[in-house]
1. So if I place +1 on the C-beta of Lys and Arg and -1 on the C-beta of Asp and Glu, and nothing else carries charge, what would the dipole magnitude of region 1-156 be about its Cα centre? I want it in debye, nearest 20.
2. If you count, for each residue, the other Cβ atoms within 10 Å and average over each peptide, how do 196-207, 109-120, 223-234 line up from highest to lowest?
3. Given a Förster distance of 56 angstrom, what is the FRET efficiency for residue 198 paired with residue 46, based on the Cβ-Cβ distance and rounded to 0.05?
4. Probe radius 1.4 Å, ligands and nucleic acids ignored: give me the carbon and sulfur share of the accessible area of the chain as a rounded percent.
5. What number comes out for the charge environment of residue 137, summing +1 per Lys or Arg and -1 per Asp or Glu over other residues with Cβ under 13 Å away?
6. So if each residue of separation counts as 0.36 nm, and I subtract the Cα-Cα distance between residue 422 and residue 133, what length gain in nm does that give?
7. By average Cβ neighbour count within 10 Å, what is the ranking of 284-294, 91-101, 59-69, 242-252 from highest down?
8. Could you give the length gained by full extension between residue 95 and residue 72, i.e. 0.36 nm per residue of separation minus their alpha carbon distance, to one decimal place?
Amino acid sequence: MSLKSDKSKALLERRKNVVANGVGVFNTATVQEAKGAIIMDEDGNELIDFAGGIGVVNAGHCPDPVVKAVKEQADKYLHTSFNVVTYEPYIKLCEELCEILPHGEATKVMLVSTGAEAVENAIKIARQATKRQGVLCFTEAYHGRTLMAMSLTSKVDYKFDCGPFAPEVYRIPFPNFYRDAKGRSLDEFVKDSLETLHGSGKNLVDPKSLAAVIIEPIQGEGGFNSVPQKYFEGLREFCDQHGIMLIADEIQSGFARTGHWASWQHYKVQPDISTYAKSMGSGLPIAAVVGKTKVMDAAAPGTIGGTYIGSPIACVASLATIQHMKDIKLNDRGKEVGKIVMSRFEKIKKECPEVGDVRGLGAMNIIEFVKNGDPQQPDGALCSAIVKGCAENGLIVISAGAYKNMIRILSPLVITNEQLNKGLDILEQQIKTKIKN
């Protein structure tokens, strides 16, 4: 396949001239229009989208009910600041989130604009609820690029020359079974990992100084590593034992991506606080902190929030998105998409020894490339060549992991089976072509 690219090249050149280099370029695709799972680029090429705006458009590009809701709200008012003038869409969205994401007997919510803001405010709430300062996080974690969020983020590439970072942040290894099992069974591995967790209280930080433990039950940028069930249960017990708030970061894994509104619902492990963004607004900037009422209400008035805490435009977009997800049973579709992707990935893995692992929950799927079948030898060069080859053949994919040696699938869940299989055909062909080369 040969795609036209003149206008796209020109637009990318203009970008290079005026946009700061620090703004990442994960893929060289452009867009003039998008619908469902298809992006039309500046040259009129139709591209199958397996990136979904980094997991933001689970309900598809420009869902009709969401576009309609945004247009209607834009005719009424754009902004008043919820701190100054209360508006119904904010209240209604909070009510909806309490219903689909209940945290114990009573739940409360606050809205902000981005996932990083949600993380920042979740930490502030946990600190006020416990009167402690320390935060425990994990290797391979990604929580955003504001000060506290960047401090919690593990990947060094996002943090060059950005310090000093927030204090009282402590990190332990994420229980990455594929990479670190080294011959142990899952039960043995989890037992050892929990011993490391408890041992951190002796050689890293006093648990009585910890306000929170923050974890992505399924890591996003880190490589779609799922926390083992028994480890998550043990982590909940550790937090209960020491009076620590357990925060689940669901920003990439939420809103039908794994087949539930949140991945913690798969595990049946209840966090004290959880954070959301990305697909809850179909591309409008909206995020949420959801938590147990007694925890959320520990924050003093004025200590959380900001000018744009739940834009009315974004609130109606989120409400329309959630209702649309319910109407089309998107949680069920997430499971179906995941089965199709994982079936193909398993086939590729059997045929290509360069594929070290394939994994995922629901439609949050990843394929990892290594050298010599060794989890400790990531092959970022091969992965980069595959991403580029896919782009040249009409498929948008993005990498993940500290070594960028994994391709993550975050396609809109409204993608048709025909589009999905066509995209997987392109990906499979590029994997096999680049391996030969």
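The values are calculated or read from the model by the stated rules, or taken from the named source; none is laboratory data. Predicted model only: the values in this text are computed from it and were never measured. Heads up, the Cβs are rebuilt from the backbone with ideal geometry, glycines too, and the neighbour counts pull from every protein chain shown. Note: areas computed on protein heavy atoms with side chains; ligands, DNA, RNA excluded. Shrake-Rupley method; radii C 1.70, N 1.55, O 1.52, S 1.80 Å.
1. Working: 18 positive and 19 negative charges, 149 e Å.
Here region 1-156 has a charge dipole of around 720 debye.
2. Output ranking for 196-207, 109-120, 223-234: 109-120, 223-234, 196-207.
3. Numbers: r = 53 Å, r/R0 = 0.95.
My answer for the efficiency is 0.60.
4. Details: 9990 of 18930 Å².
That share works out to 53 percent.
5. Details: positive: 155, 171; negative: 140, 168, 216, 249.
Within the 13 Å Cβ shell, the charges total -2.
6. Values: separation 289, 0.36 × 289 = 104.04 nm, distance 4.99 nm.
Gain on stretching residue 422 to residue 133: 99.0 nm.
7. Numbers: 284-294: 23.0, 91-101: 17.5, 59-69: 19.9, 242-252: 26.0.
The peptides rank, most packed first, as 242-252, 284-294, 59-69, 91-101.
8. Working: separation 23, 0.36 × 23 = 8.28 nm, distance 2.10 nm.
Value of the extension gain: 6.2 nm.
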